[in-house]
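What follows is one structure encoded as structure tokens, with my remarks underneath.
Taken together, the values in this text are just the output of simple stated rules run on the coordinates, not laboratory data. All values reported here derive from a predicted model rather than from experimental measurement. Don't worry about glycine lacking a Cβ; one is built from the backbone with ideal geometry, like all the others, and counts go over all protein chains shown.
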Amino acid sequence: MRKDELGVPQLVEWLAADIGATAVALVDRRDADLAAWPAGLPASLRRALDGFPCLRVDWARARSELLGEEETNSTCDCGERHQLRAVAMHGRWVLVIVTKGLLLPDGCFEPTTAADYALLVLGIREFLEDGGARRRGPRPI
Ligand SMILES: [Zn+2]
């Protein structure tokens, strides 16, 4: 498969597989108002969060960090490092990841998944910048 044939859904799927995430979703803030989160989040994310009751997200802090620093992390205290990571993209989208052990206790990325994570998130960000639907076929030179 050529890169030009890829789309955001494929990249999100690969990201979830490569980092072993419980759930990954790209959320359009026009569909799920950040002020109401976790209400309005896709069912896959809510199910994943329900599955990790140890992971208590401070949604007010998460919102504030997403709006200010464009990313937020929450990690549980149970020792298994259940985590929610969210990254804001282009003012409209938020990539939300519910997983286990993506980040080390010091907040750095787990070395075995860091490269895949970085590459795929960069790819998703690039596709969204192009309007979310890059045309198939080679790009004009
Ligand atoms: Zn936990």
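Quick rundown of the values:
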read-out: Overall form of segment 12-128 per C-alpha gyration tensor (a/c, 1.5; a/b vs b/c); value: rounded
read-out: Gaussian network model of the chain, Cα within-10 Å springs - most flexible of 112, 72, 99; value: 112
read-out: Cysteines without a disulfide-compatible neighbour (Cβ-Cβ under 4.7 Å), the chain; value: 108
read-out: Angle in degrees between helix 8-19 and the longest Cα principal axis of the chain, rounded to the nearest 10; value: 50 degrees
read-out: Acute angle (nearest 10 degrees) that the helix 59-68 long axis makes with the longest principal axis of the chain, alpha-carbon atoms; value: 40 degrees
read-out: Residue 64 paired with residue 50, simple spin-label distance in nm, labels 7 Å along Cα-to-beta-carbon; value: 3.0 nm
read-out: Listed residues 68, 101, 123, most fluctuating in the chain (Gaussian network, C-alpha, under 10 Å); value: 68
read-out: Ranked list, fewest to most other Cβ atoms within 10 Å of each Cβ, for 61, 30; value: 30, 61
read-out: Dipole moment magnitude, nearest 20 debye, segment 12-128 about Cα centre, only Lys, Arg, Asp, Glu C-beta charged; value: 320 debye
read-out: Cα-based shape type of segment 59-111, given that a ≥ b ≥ c are square roots of the gyration tensor eigenvalues and the cut on a/c is 1.5; value: prolate
read-out: Least to most buried among 44, 64 (fewest other Cβ within 10 Å first); value: 64, 44
read-out: Sites residue 129 and residue 29 - FRET efficiency at Förster radius 22 Å, r taken between beta-carbons, to 0.05; value: 0.85
read-out: Residue 104 versus residue 36: modelled label distance in nm, points set 7 Å from Cα along the beta carbon direction; value: 4.0 nm
read-out: On Cα atoms only, tilt of 111-129 relative to the major axis of the chain in degrees; value: 50 degrees
